[in-house]
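The values are calculated or read from the model by the stated rules, or taken from the named source; none is laboratory data. On a predicted model such as this, the values are computed, not experimentally measured, just so you know. Here the Cβ positions follow ideal geometry from the backbone for every residue, glycine too, while neighbour counts run over all protein chains shown.
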Amino acid sequence: MSDATLTISSKNYSSWSLRGWLLCKMSGIAFVEQMVDPEDASYRQELLLLSPSVRVPRLVHGDIAVWDTLSIAQYLHEVFPDAGLFPADPKQRALCRSVSGEMHSGFYNLRSALPMNLKARHPSFKIFSGARPDIERVKEIWHQCLETSGGPFLFGAEPTVADAMYAPVCTRFHTYSVELDDTLTAYCDTIRSWPLMVEWTDGAVAEPEAILELEVEF
């Protein structure tokens, strides 16, 4: 029986919903999904009441409400400390928190130039020059983590918060045919074939085509 509700938006377009959903699945919390249609003004009013930041995802667990993806990650780590959301090693845990926070607060040009769209594929997409430094920084982070941990996930054999945070970037790099070396291609393949990602992607493909892509990330 579920005692939690996760409010999310479009599975095709909402990268933050994907991150929150992955974190909940990884933690093992029993939850139900509540979908909010971002194109419907009445639903946006409802979301405004749910989350003061007007953002998804939002987790309600019993009488506790948590929004903002990193807050959800920290809450789930506190409630389910054995789920392995963060690495056990303190040094690796600090790095995981740092690179997750960097994704949470940065990479604006990447988000704007390469919006998440799991149904699309652009083999000859011209990437805006302003997004290239963001792309190179993501590659640098991935190489640092993978070289230290040995992969296949950023911090070893099992996914962590960092993988949930960067999973939408893997889909963006696939959608817009961003060139990657063999190591990073293998990492993105690991993420895209991750059973949780396959489940989410199947849900995105099943969404009606009437959902319109928004101009901002949500």
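Considering Trp16, Trp21, which residue is closer than 20 Å to Val205 by Cα and modelled with pLDDT of 95 or more?
Trp21
Checked against the criterion of being farther than 23 Å from Asn12 by Cα and modelled with pLDDT under 95, the candidates Gly150, Gly130, Gly156 yield just one match: Gly130. In the stretch 60-76, the residues that are aliphatic (A, V, I, L, M) form Cβ pairs under 6 Å with partners that are at pLDDT 95 or above and assigned to a strand (DSSP E or B), at six or more places apart or across chains, as follows: Val60/Thr5; Val66/Leu59; Ile72/Leu59; Ile72/Val66.
Go through (1) assigned by TED's automatic domain parsing to the domain that holds Asp189; (2) under 16 Å from the mean Cα position of the chain (by Cα) one by one and return the number of the condition Ser149 breaks. Exception for Ser149: condition (2). Inside the stretch 65-112, can you point out the residues that are in contact with a strand residue (DSSP E or B) (Cβ under 9 Å, 6 or more places away or on another chain) and either under 17 Å from Arg137 (Cβ atoms) or of a type in the set (Val, Ile, Thr) (or both)? Val66, Ile72, Val79 - these are the residues of the stretch 65-112 that are in contact with a strand residue (DSSP E or B) (Cβ under 9 Å, 6 or more places away or on another chain) and either under 17 Å from Arg137 (Cβ atoms) or of a type in the set (Val, Ile, Thr) (or both). Inside the stretch 66-107, can you point out the residues that are touching a helix residue (DSSP H, G or I) at 6+ places or on another chain (Cβ under 8 Å), hydrophobic (A, V, I, L, M, F, W, C) and part of a helix (DSSP H, G or I)? If the condition is that a residue be touching a helix residue (DSSP H, G or I) at 6+ places or on another chain (Cβ under 8 Å), hydrophobic (A, V, I, L, M, F, W, C) and part of a helix (DSSP H, G or I), then Leu70, Ile72, Ala73, Leu76, Val79, Ala83, Leu95, Cys96, Val99, Met103 are the ones that fit. Checking every residue in the stretch 32-46 against the condition of being part of a loop (DSSP other than H, G, I, E, B), touching a strand residue (DSSP E or B) at 6+ places or on another chain (Cβ under 9 Å) and at pLDDT below 95 gives at least one match. Contact annotation: residue pairs with Cβ atoms under 6 Å, 6 or more positions apart or on different chains, pairing a residue in the stretch 183-202 that is not assigned by TED's automatic domain parsing to the domain that holds Arg19 with a partner that is of a type in the set (Gly, Ala, Ser), are Ile191/Ala167.
Results for (1) among the aliphatic types (A, V, I, L, M); (2) within 18 Å of the chain's Cα centre (by Cα); (3) more than 24 Å from Leu70 (Cβ to Cβ), shown as yes or no for each residue.
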residue: Val99; (1), (2), (3): yes, yes, no
residue: Met103; (1), (2), (3): yes, yes, no
residue: Ala113; (1), (2), (3): yes, yes, no
residue: Lys119; (1), (2), (3): no, yes, yes
residue: Gln144; (1), (2), (3): no, no, no
residue: Ala162; (1), (2), (3): yes, yes, no
residue: Thr171; (1), (2), (3): no, yes, no
residue: Trp200; (1), (2), (3): no, yes, no
